[in-house]
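Notes for the one structure printed next.
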Amino acid sequence: EAAVTQSPRNKVAVTGGKVTLSCNQTNNHNNMYWYRQDTGHGLRLIHYSYGAGSTEKGDIPDGYKASRPSQENFSLILELATPSQTSVYFCASGDWDKNTEVFFGKGTRLTVV
Amino acid sequence: QQQVRQSPQSLTVWEGETAILNCSYEDSTFNYFPWYQQFPGEGPALLISIRSVSDKKEDGRFTIFFNKREKKLSLHITDSQPGDSATYFCAAGSFNKLTFGAGTRLAVCP
């Protein structure tokens, strides 16, 4: 099974501060994703990537940036964190061209105070 | 507009019964449908998936039934066990993206 590792697992941030969530995958998957999970909403796609150097907006990109500096790493950046961004964030990876499954990390619980 | 809908929101069954979780979608370009199982405090774990060229996929006690014409699918969990108590998410995928439903919370009573 694909290994997707997120860091940190828990984070408390101050309103207006910058937050970076990191994700690493070791299965050479082209596609990587950032989702947030809130009660009653399931998982909603924030940003995704087709490969190193590419980032695409998902369904709820406002207030977030993403960076894919390498095949293995995909970061989610909150330049000016707000309390509404308090959530659990999940990273995932897969390879659409190879019909692989999409696997998730264990999540990062972010609290913005 | 919710593209992937799940029902019921919550479901309780007795141990040994079959749990049926439903999912429907709107976008006809969706061609890949994974189901994820999530326990509290953990990430979603892939349970079983189906592609739109098939109408049934079975893996042990878990079976997906897929109706492309009606844009509906269901997950059947036979011989339900208390350890199956979790939230189940239906997802639909196309063009490198996965869209999730809001989930069904399943409780299996011993």
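Could you please let me know if B:I48 is in a strand (DSSP E or B) and either surrounded by 19 or more Cβ atoms within 10 Å (Cβ to Cβ) or within 13 Å of another protein chain (Cβ to nearest Cβ) (or both)? Spell out how you get there, then give the answer.
On the way: in a strand (DSSP E or B): yes; either surrounded by 19 or more Cβ atoms within 10 Å (Cβ to Cβ) or within 13 Å of another protein chain (Cβ to nearest Cβ) (or both): yes.
Considered against the rule, which asks whether it is in a strand (DSSP E or B) and either surrounded by 19 or more Cβ atoms within 10 Å (Cβ to Cβ) or within 13 Å of another protein chain (Cβ to nearest Cβ) (or both), B:I48 comes out as yes.
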Taking only the range A:82-113 into account, find how many residues are within 18 Å of A:N30 (Cβ to Cβ) and assigned to a helix (DSSP H, G or I).
3
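For B:Y36, are the conditions met, namely being in contact (Cβ under 8 Å) with a residue 24 or more places away in the chain, of a type outside the set (D, E, K, R), touching a helix residue (DSSP H, G or I) at 6+ places or on another chain (Cβ under 9 Å) and within 11 Å of chain A (Cβ to nearest Cβ)?
Numbers: in contact (Cβ under 8 Å) with a residue 24 or more places away in the chain: yes; of a type outside the set (D, E, K, R): yes; touching a helix residue (DSSP H, G or I) at 6+ places or on another chain (Cβ under 9 Å): no; within 11 Å of chain A (Cβ to nearest Cβ): yes.
Considered against the rule, which asks whether it is in contact (Cβ under 8 Å) with a residue 24 or more places away in the chain, of a type outside the set (D, E, K, R), touching a helix residue (DSSP H, G or I) at 6+ places or on another chain (Cβ under 9 Å) and within 11 Å of chain A (Cβ to nearest Cβ), B:Y36 comes out as no.
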Within the range A:82-113, take every residue that is surrounded by fewer than 22 Cβ atoms within 10 Å (Cβ to Cβ) and aliphatic (A, V, I, L, M) and give me the one that is farthest from A:Y35 (Cα to Cα).
A:V113
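If you take just the strands (runs of 3 or more DSSP E) that sit entirely in the range A:23-81, which of them hold at least 2 residues that are among the aromatic types (F, W, Y) and modelled with pLDDT of 95 or more?
On the way: elements: A:31-38, A:42-49, A:65-67, A:73-78.
Qualifying strands (runs of 3 or more DSSP E): A:31-38.
Of the residues that sit in the range B:59-110 and are in a loop (DSSP other than H, G, I, E, B) and among the small types (G, A, S), which one is farthest from B:Q6 (Cα to Cα)?
Quick first cut of the range B:59-110, residues in a loop (DSSP other than H, G, I, E, B) only: B:60-61, B:68-71, B:78-81, B:85, B:95-96, B:101-103, B:110.
Cutting the leftovers down to among the small types (G, A, S) gives us B:60, B:80, B:85, B:101-103.
Details: B:G60: 22, B:S80: 19, B:S85: 17, B:G101: 6, B:A102: 6, B:G103: 6 Å.
Among residues in the range B:59-110 that are in a loop (DSSP other than H, G, I, E, B) and among the small types (G, A, S), the one farthest from B:Q6 (Cα to Cα) is B:G60.
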Of the residues that make up the range B:83-103, is at least one away from chain A (no Cβ under 14 Å) and exposed (fewer than 14 other Cβ atoms within 10 Å of the Cβ)?
yes
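The values are calculated or read from the model by the stated rules, or taken from the named source; none is laboratory data. This structure is a prediction, so every number in the text was calculated from the model and none was measured. No Cβ is skipped: glycine too gets one built from the backbone with ideal geometry, and neighbour counts run over all protein chains shown.
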